[in-house]
Amino acid sequence: MKDIKKYQGVIPAFYACYDAEGNISTEGVKALTRHLIAKGVKGVYVGGSSGECIYQHVDERKAVLEAVMSEAKGKLTVIAHVGCNNTADSVELARHAESVGVDAIASIPPIYFHLPEYAIAKYWNDMSAAAPNTEFVIYNIPQLAGTGLTMSLLKEMLKNPNVVAVKNSSMPTQDIQMFKDAGIAARGEGNFVVFNGPDEQFVSGRVIGADGGIGGTYAVMPELYLAMNDHINKGEIEAARAIQYEADRIIYKMCEAHGNLYAVQKEILRRMYGLELGGVREPMPGLIPEDEAIVAEAQAMIEAAIAKL
Ligand SMILES: CC(=O)N[C@H](C=O)[C@@H](O)[C@H](O)[C@H](O)CO
Ligand SMILES: CC(=O)C(=O)O
């Protein structure tokens with residue numbers, strides 16, 4: 001791998017940004033990018049689950065990525081999730097992502113149909129071939145995708161030299177170790193990255209060997225994950241764990257809302273920083289008046305946790 005350091009650290013999953021009519025807001029995208037740069041994160045993961053990729057058209061996803069790149073180029077590591085549920089659209093997004101200069105592309109496996117491993121590998125390799133000068137990240141999120149990354153599929157994918165990382169969102173932290181071990185066996189130390197997925201296990205994931213993390217709640221409280229990461233780098237596990245507990249309580253609180261977690265987080269960013277990022281796309285549930293107290297409480301918890309750092 002050319003530069004492992006650019007993947008080491010806190011990489012927020014970028015939120016879908018909409019205007020009042022529910023159309024993509026490139027102004028919102030740019031504002032959120034600038035906000036995250038100012039917070040000092042390592043990079044952004046654009047167009048993933050938190051980016052509501054499965055509810056967006058190819059042209060919308062291109063517009064989002066272009067708006068991110070206009071602010072982030074040279075300042076952040078940009079990983080563009082390009083997976084769609086058909087190969088042709090995914091290939092088009094992969095080619096586009098390379099043309100705008102991302103650091104890496106990433107993809108979930110095909111969803112709904114449980115396809116054989118050779119078909120999943122072909123789907124990923126076709127995208128990678130459309131972005132031949134760009135690194136490729138496998139996105140393993142079995143609880144949502146319906147298909148999990150197996151060791152045999154990973155070994156098959158490691159034949160493609162562009163495959164440099166797994167973003168692991170499965171819940172066993174042990175999976176991080178297994179993927180990392182296989183990657184390093186194939187590529188050598190320092191040449192294969194695993195990202196922690198579950199934010200509730202950021203510390204555990206880093207301790208078992210994740211090089212960094214990509215997560216859906218980082219953008220709403222980057223200070224907490226940056227602090228956890230620093231403590232882990234210094235071997236200060238107790239201090240890291242204390243912040244992890246705070247972050248987890250905040251996540252559980254945000255998940256109490258009727259509205260989707262992303263809707264809650266975008267509302268908190270609006271209240272804390274005046275960022276206008278809109279709601280979530282249907283069929284995801286938006287916020288309802290009864291969510292007001294939960295949003296306010298979660299915001300207060302975030303502010304208190306940051307104040308304690
Ligand atoms: C299943 C899922 O969406 N996982 C995300 C990515 O790995 C996480 O970042 C979660 O959003 C986060 O851990 C909150 O539960
Ligand atoms: C949460 C996450 O990692 C994603 O948006 O894909």
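Coordinate-derived values only; no laboratory data. Here the structure is a predicted model, which is why all the values come from computation and not from measurement. For neighbour counting, all protein chains shown are included, and Cβ atoms are generated from backbone atoms with ideal geometry for every residue, glycine included.
Taking amide H atoms as placed 1.01 Å from N in the peptide plane, the amide H of G215 lies under 5 Å from those of I11, A13, each 5 or more residues away in sequence or on another chain. Here the chain carries DSSP beta bridges of which approximately 5% are antiparallel, counting only pairs with both residues inside. Rounded to the nearest whole Hz, the Karplus-based 3J(HN,Hα) values (6.51 cos²θ - 1.76 cosθ + 1.60, θ = phi - 60°) of segment 157-166 follow the sequence 5, 5, 5, 8, x, 6, 6, 10, 7, 10, with x at glycine and proline.
In a fully extended conformation the segment linking R270 and N86 would gain 62.8 nm over its present Cα-Cα distance, using 0.36 nm per residue. Among rounded, prolate and oblate, which fits the chain when a ≥ b ≥ c are the square roots of the eigenvalues of its C-alpha gyration tensor, a/c under 1.5 means rounded, and a/b larger than b/c means prolate? Cα axes put the chain in the oblate bin. Between the alpha-carbon centres of segment 1-31 and segment 51-98 there is a gap of 10 Å. Listed by chain and number, the lysines whose C-alpha is less than 29 Å from the C-alpha of K308, apart from same-chain residues fewer than 8 away, are K5, K6, K39, K42, K75, K234, K253, K266. Working value for segment 247-309: equivalent-ellipsoid semi-axes of 20, 13, 9 Å, each the square root of 5 times a Cα gyration tensor eigenvalue, largest first. Taking a point 7 Å out from the Cα of K5 in the direction of its Cβ, the residues of segment 207-231 whose backbone N falls within less than 16 Å of it are 212.
Note on the chain: with a GNM built from Cα contacts shorter than 10 Å, the maximum mean-square fluctuation among F136, F192, F113 falls on F113. When the square roots of the Cα gyration tensor eigenvalues are ordered a ≥ b ≥ c, the ratio a/c for segment 9-138 is 1.5 or more and a/b exceeds b/c, which makes its shape prolate. Each of I184, H35, A13 was scored by the projection of its Cα onto the charge dipole of the chain, and the greatest displacement toward the positive side belongs to I184; charges sit on the C-beta of Lys, Arg, Asp and Glu.
Report the local net charge at A293: Lys and Arg +1, Asp and Glu -1, summed over other residues whose C-beta lies under 15 Å from its C-beta. Value of the local net charge: -4.
The calculated FRET efficiency for the pair D59 and E189, based on their C-beta separation and a Förster distance of 41 Å, comes to about 0.50. Here the spin labels are modelled as points 7 Å beyond Cα on the Cα-Cβ line, and at D126 and N160 they lie 1.1 nm apart. In this rough spin-label picture, where each label sits 7 Å from Cα along the Cβ direction, the A20-E290 distance is 2.8 nm.
What do you get for Rg/Rh over segment 73-199 if you use C-alpha atoms and the Kirkwood form of Rh?
Values: Rg = 13.6 Å, Rh = 14.5 Å.
Rounded to two decimals, Rg/Rh equals 0.94.
Note on the chain: with a GNM built from Cα contacts shorter than 10 Å, the maximum mean-square fluctuation among G74, G22, G148 falls on G74. With contributions of -39500 (n - 2.57) from each DSSP H run of at least four residues, the per-residue ellipticity at 222 nm computed over the chain stands at -15000 deg cm²/dmol. Rounded, prolate or oblate, given the Cα gyration tensor of segment 192-250, with a/c below 1.5 counting as rounded? Here segment 192-250 falls in the oblate category.
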